[in-house]
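Below you'll find the structure, written out as structure tokens, and then a few comments.
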Amino acid sequence: MSIIDTDRARASRIRLAHLRQELLSPVNALLGYAEIMHEEASREGRQDILPDVNRVLRAARDLADKVDQLVEGDRENNATDPAAAPQEQQLRHELRTPLNAIKGYAEMLSEDLADISSGALRADLDRVLLAATELLPRLDRIVQFSADLDETSLACDQTGAAMVSELIRSLGPVRQEPSAVTETGSILVVDDIEANRDLLSRRLARDGHRVASVAGGQQALQALEHGEFDLVLLDLIMPDINGLDVLVRMKADERLRRIPVIMITALADTESAVRCIEAGAEDYLPKPFDPILLRARINACLHKKRWRDREQKYLRRIEDETAKFERLLLTILPKQVIGRLNHGETMIADRFEDVSVLFADLVRFTEHSGRIAPAVLVEYLNQLFSEFDALARELGVEKIKTIGDAYMAVAGLPDPIPDPFAAIAKMAFGMIDRLGRVNGHFGWPLQIRIGIHSGPVVAGIIGAHRFIYDVWGDTVNVASRLEAYSLPNRIHVSQDTARHLVGPFALEPRGSIEVKGKGKLETFFLSRI
């Protein structure tokens with residue numbers, strides 16, 4: 001057959017399918033309304049009209065059965081047969097008989113229900129009557145299988161002709177060569193019949209796929225556990241574990257659930273196909289399958305899997321970048337504050353009543369740094385402040401910032417801790433210890449001054465492009481002044497802090513110091529007992 005003849009035959013099949021659809025749609029609608037009307041009459045207990053309702057339903061089912069036989073039968077073979085005309089006449093008679101019965105009984109029911117102006121039963125009866133009335137005059141035109149099915153036969157239905165012509169144009173000419181392989185991958189073939197496995201595997205290998213085959217469901221699960229596959233072609237009926245159970249187990253496994261599965265089976269019923277699709281199968285092909293159709297569906301599955309794999313790769317990259325960003329953000333802002341920013345807060349400012357503020361500064365660091373190479377200087381500060389940061393995390397203390405060789409931390413915000421006064425004292429002693437450790441590594445003699453004061457503060461976020469979480473108030477100013485008046489490797493604390501540390505620590509009176517705006521304050525040096 002030439003390409004032109006093949007295209008013409010396909011066009012004829014498409015037009016015929018459209019005509020059959022014109023017949024199926026109203027008949028199925030009519031049957032549906034009749035079934036609903038029967039259910040409604042039964043539910044309402046309408047014994048007076050149920051006999052006629054049953055007659056309408058039986059006639060609708062009879063009409064639907066005849067239409068099913070017409071659609072399933074090979075009447076296309078008689079499309080140009082002169083002997084088909086008597087068959088059409090017989091067909092029209094067969095279809096008109098139940099249709100006339102439906103219309104007649106429905107009209108009688110309409111008279112019986114004349115006293116009912118509303119309600120579901122009346123509405124469904126009106127729909128049945130309308131569908132039957134509209135179908136009768138269309139029946140002769142639809143059942144014209146002996147007529148030549150070219151464009152002129154659809155002249156009486158311009159909408160249908162346009163739809164069919166558009167479909168033919170979209171599908172394009174019939175290609176004589178099989179569809180090309182556009183995607184290749186690793187495919188697992190699962191079938192308990194050796195001939196099926198061999199034939200399918202050879203066909204796939206010839207298309208360039210990497211193929212593995214197994215004879216049952218248990219072997220399939222073992223192969224999936226130890227191998228990497230892009231697609232599974234899975235038989236449904238197998239002696240050990242059926243294909244549906246294999247599919248369900250795959251979709252329950254985090255590693256396997258993204259592998260597409262095409263079911264290929266001799267069980268061609270709709271219910272099985274629906275169950276497999278609901279369980280996660282990409283497709284369902286009955287045996288014997290069309291190899292060109294199978295190739296097209298394998299191409300589609302592999303193509304979708306490639307895009308899914310890329311999507312997962314990008315999602316993992318986004319997750320990694322997000323985690324990296326969050327880790328970086330945690331070095332700048334407290335975790336609680338990050339959460340509030342993520343929830344849309346733009347102005348974050350809080351007052352805290354009992355906070356201990358620590359300032360620390362390296363003694364004579366500027367003088368020492370003038371004799372040190374910049375890279376070594378930065379390495380020293382990085383290691384020292386990293387030690388301080390780790391100590392703060394261990395104690396629940398919040399690092400606020402570093403300024404040059406100075407370090408500021410607080411205890412008691414933004415999250416409360418059981419004893420912020422003891423925590424900040426342990427932080428101070430730990431800083432002196434870790435400074436000694438870092439000095440020993442570098443061979444440097446540096447010392448540190450520390451000042452601590454406790455009281456109310458205001459804390460919040462400042463900046464729009466480069467955020468900083470900072471703390472303000474008299475408590476901060478006093479802590480800074482205490483650090484300035486401290487001695488090398490000593491912890492200088494205010495009386496407000498000292499009264500909370502009596503007992504666990506030793507307190508040595510320092511005397512009073514003048515603090516701008518505060519006057520004279522009694523202070524102490526803190527020591528371990």
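For the reader, a short list of remarks on this structure follows.
- Taking every residue in the range 247-259 that is at negative phi and pairing it with any residue that is basic (Lys, Arg) and assigned to a loop (DSSP other than H, G, I, E, B), at least 6 positions away or on another chain, the pairs with Cβ-Cβ distances below 8 Å are 250/257; 251/257.
- Count of the range 331-377 residues, restricted to those that are among the β-branched types (Val, Ile, Thr), under 27 Å from residue 474 (Cβ atoms) and touching a helix residue (DSSP H, G or I) at 6+ places or on another chain (Cβ under 7 Å), is 3.
- Residue check, residue 110 surrounded by fewer than 18 Cβ atoms within 10 Å (Cβ to Cβ), assigned to a helix (DSSP H, G or I) and either under 53 Å from the mean Cα position of the chain (by Cα) or at pLDDT below 75 (or both): yes
- Restricting attention to the range 443-471, the residues being part of a strand (DSSP E or B) and closer than 19 Å to residue 361 by Cα number 9.
- Applying the criterion of being aliphatic (A, V, I, L, M) and part of a strand (DSSP E or B) to the residues of the range 210-232, the residue that is surrounded by the fewest Cβ atoms within 10 Å (Cβ to Cβ) is 212.
- Screening the range 377-408 for residues that are in a helix (DSSP H, G or I) and of a type in the set (Phe, Trp, Tyr) and picking the one that is farthest from residue 327 (Cα to Cα) gives 380.
- If you go through the range 48-66 and keep only what is crowded, with 20+ Cβ neighbours inside 10 Å and either among the small types (Gly, Ala, Ser) or outside the structural domain of residue 38 (by TED's automatic domain parsing) (or both), you end up with 59, 60.
- Only one of 130, 167, 136, 199 that is among the hydrophobic types (A, V, I, L, M, F, W, C), modelled with pLDDT under 60, in a helix (DSSP H, G or I) and surrounded by fewer than 16 Cβ atoms within 10 Å (Cβ to Cβ): 167
- Among the residues making up the range 237-263, those that are hydrophobic (A, V, I, L, M, F, W, C), crowded, with 16+ Cβ neighbours inside 10 Å and part of a loop (DSSP other than H, G, I, E, B) are 238, 241, 256, 259.
- Matching residues, the range 484-529, being closer than 21 Å to residue 433 by Cβ, modelled with pLDDT under 90 and in a strand (DSSP E or B): 528
- Of all residues in the range 281-311, those satisfying the criterion of being within 12 Å of residue 232 (Cα to Cα) and part of a loop (DSSP other than H, G, I, E, B) are 281, 282.
- Whenever a residue of the range 268-290 is among the acidic types (Asp, Glu), its partners that are assigned to a loop (DSSP other than H, G, I, E, B), lying with C-beta atoms within less than 6 angstrom and at least six residues away or across chains, give the pairs 282/260.
- One residue stands out in the range 359-380 among those that are farther than 26 Å from residue 497 by Cβ and either at pLDDT 95 or above or aliphatic (A, V, I, L, M) (or both): the one that is nearest to the chain's Cα centre (by Cα), namely 378.
- Verdict on residue 342 being assigned by TED's automatic domain parsing to the domain that holds residue 454 and either free of Cβ contacts under 8 Å to residues at least 40 places away in the same chain or surrounded by 11 or more Cβ atoms within 10 Å (Cβ to Cβ) (or both): yes
- For the condition within 45 Å of the chain's Cα centre (by Cα), at pLDDT below 80, within 19 Å of residue 135 (Cβ to Cβ) and not β-branched (Val, Ile, Thr), residue 12 does not qualify.
- Of all residues making up the range 347-367, the number that are in contact with a Pro (Cβ under 8 Å, 6 or more places away or on another chain) and not in a strand (DSSP E or B): 1
- Taking the criterion of being more than 19 Å from the chain's Cα centre (by Cα) and either on the phi > 0 side of the Ramachandran plot or without any contact (Cβ under 8 Å) to a residue 40 or more places away in the chain (or both), the residues of the range 295-316 that qualify are 297, 300.
- One residue stands out among those in the range 471-493 that are surrounded by fewer than 24 Cβ atoms within 10 Å (Cβ to Cβ), hydrophobic (A, V, I, L, M, F, W, C) and in contact with a Lys or Arg (Cβ under 8 Å, 6 or more places away or on another chain): the one that is nearest to residue 516 (Cα to Cα), which is 484.
The values are calculated or read from the model by the stated rules, or taken from the named source; none is laboratory data. A quick note: this is a predicted structure, and the numbers were derived from the prediction, not measured. Note: ideal-geometry Cβ built from the backbone for every residue, glycine included; neighbour counts use all protein chains shown.
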